[in-house]
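Working notes, beginning with the structure itself.
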There are 2 protein chains.
Amino acid sequence: MNGTGSGDIRILAFAGSLRKASYNRALVRAAAEAAPDGMEVEIFGLEGIPLFDGDVEAKGFPERVEAFHEAIERADGLLISTPEYQHGVPGVLKNAIDWASRPPGKATILGKPVAIMGATPGMWGTARAQAQLRQALVYNRCPMVLQPEVLVAKAKERFDEDRRLTHDATRGFVRRLLEELGELVRRHAT
Amino acid sequence: MNGTGSGDIRILAFAGSLRKASYNRALVRAAAEAAPDGMEVEIFGLEGIPLFDGDVEAKGFPERVEAFHEAIERADGLLISTPEYQHGVPGVLKNAIDWASRPPGKATILGKPVAIMGATPGMWGTARAQAQLRQALVYNRCPMVLQPEVLVAKAKERFDEDRRLTHDATRGFVRRLLEELGELVRRHAT
């Protein structure tokens, strides 16, 4: 889809947490392993993306922000896994989206198909964070996968101590999410 | 209200932008100048608050985060001015709230009375960002000023080139907001 000639759909996946043992980073790794045939998932860590500052941006994108834009540019679609902090999107994730959305009208994320998911040790599966995340994607005119919704509650019971996904039903939902993202990418390919 | 013996209500004010010429930082300065008698407004800059990382937190709050918590602790109430990025709260601001909300159940922001406002060069006055910000404050059980809503649209027409507020009607709304915040602080003082 992206001119590599391989024919594979390329997905860029990232999680909205910097913590090494993050369940959302673990969910992204599980997704990469569960990807359907014909899809490659590249994982991008948000470490090193600085806090957005318009005065910094005026001098050009910082190196890691540039790398993030390049990774988005070469992807056919995005997979985002969000924790929920204080009923919303973590600042770490929103900050990355803020950079990805620059400059207005010409950002690499603009119109890129996206699937979202999220994991939490708590009960409500990141429902509120996902709703907020969709608002930022609406701004960026990103076509979004609407079903399945992948909300992983009680994450401690779904991953082992090495943060490997042990819950097959969750793996099935993640795989379906990626299949739908692939379908969305095909539908929006020009 | 806070044991200083001065009898003044102490408000901590911060804006969700790092940009020096930010309209929201300018709005915070205008608020500090417009504060009613019996109210002191301390301004806190979010520079130096790092991106939230649970692995960093496990070793203790970084210095600037500790300073932020101390500033919140000694305030009777908070005044927050938010830009709107991508239909929501800037990552920079949410990140600061994420730190302020730690540790869960014992955070300094918990139950603190809050007033919010926002400025944008655009048309919609940060309405969506303010709605998201309220969600994070609900999590933190913060009593909130509900009226007046201070949404400063077309900020270029409301501030001069030195970012001084030139629009008296806006100044009146900001002052009323602070009066209501003072009333909320008095009502929740124990």
Quiz item: What is the residue count in segment B:75-121 for residues that are among the β-branched types (Val, Ile, Thr), in contact with a Cys (Cβ under 8 Å, 6 or more places away or on another chain) and more than 10 Å from chain A (Cβ to nearest Cβ)?
Solution: 1
Quiz item: If you go through segment A:38-90 one residue at a time, how many are in contact with a Leu (Cβ under 6 Å, 6 or more places away or on another chain), of a type in the set (Asp, Glu) and part of a helix (DSSP H, G or I)?
Solution: 0
Exercise. Specify the residue that is most open to solvent (accessible area, probe 1.4 Å); the eligible residues are those in segment B:131-172 that are over 24 Å from B:Ile72 (Cα atoms) and assigned to a helix (DSSP H, G or I).
Key: B:Lys156
Self-check item: Subset of segment A:173-190 that is hydrophobic (A, V, I, L, M, F, W, C) and open to solvent by less than 70 Å² (accessible area, probe 1.4 Å) - its residue that is farthest from A:Ala115 (Cα to Cα)
Solution: A:Ala189
Self-check item: Selection status of B:Arg128, open to solvent by 30 Å² or more (accessible area, probe 1.4 Å) and either assigned to a loop (DSSP other than H, G, I, E, B) or modelled with pLDDT under 95 (or both)
Solution: no
Practice problem: Working carefully through the options B:Phe68, B:Phe61, find the one that is open to solvent by less than 10 Å² (accessible area, probe 1.4 Å), away from chain A (no Cβ under 12 Å) and touching a residue at least 12 places away in the same chain (Cβ under 8 Å). | Solution: B:Phe68
Quiz item: Can you pull out the residues in segment B:26-58 that are within 11 Å of another protein chain (Cβ to nearest Cβ) and open to solvent by 40 Å² or more (accessible area, probe 1.4 Å)?
Solution: B:Glu47, B:Gly48, B:Pro50, B:Asp55, B:Val56, B:Ala58
Quiz item: Out of curiosity, is B:Glu33 over 30 Å from A:Lys20 (Cβ atoms), free of Cβ contacts under 8 Å to residues at least 24 places away in the same chain and acidic (Asp, Glu)?
Solution: yes
Quiz item: What number of residues within segment A:91-106 are part of a loop (DSSP other than H, G, I, E, B) and open to solvent by 10 Å² or more (accessible area, probe 1.4 Å)?
Solution: 5
Quiz item: Which of the following residues is in a loop (DSSP other than H, G, I, E, B) and touching a residue at least 12 places away in the same chain (Cβ under 8 Å): B:Leu18, B:Leu12?
Solution: B:Leu18
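The values are calculated or read from the model by the stated rules, or taken from the named source; none is laboratory data. Predicted model, so just to flag it, every value in this text is computed and none were measured. Using ideal geometry, Cβ is built from the backbone for each residue, glycine included, and neighbour counts are taken over all protein chains shown. We work out accessible area using only protein heavy atoms, side chains counted, and drop any ligands, DNA or RNA first. Shrake-Rupley method; radii C 1.70, N 1.55, O 1.52, S 1.80 Å.
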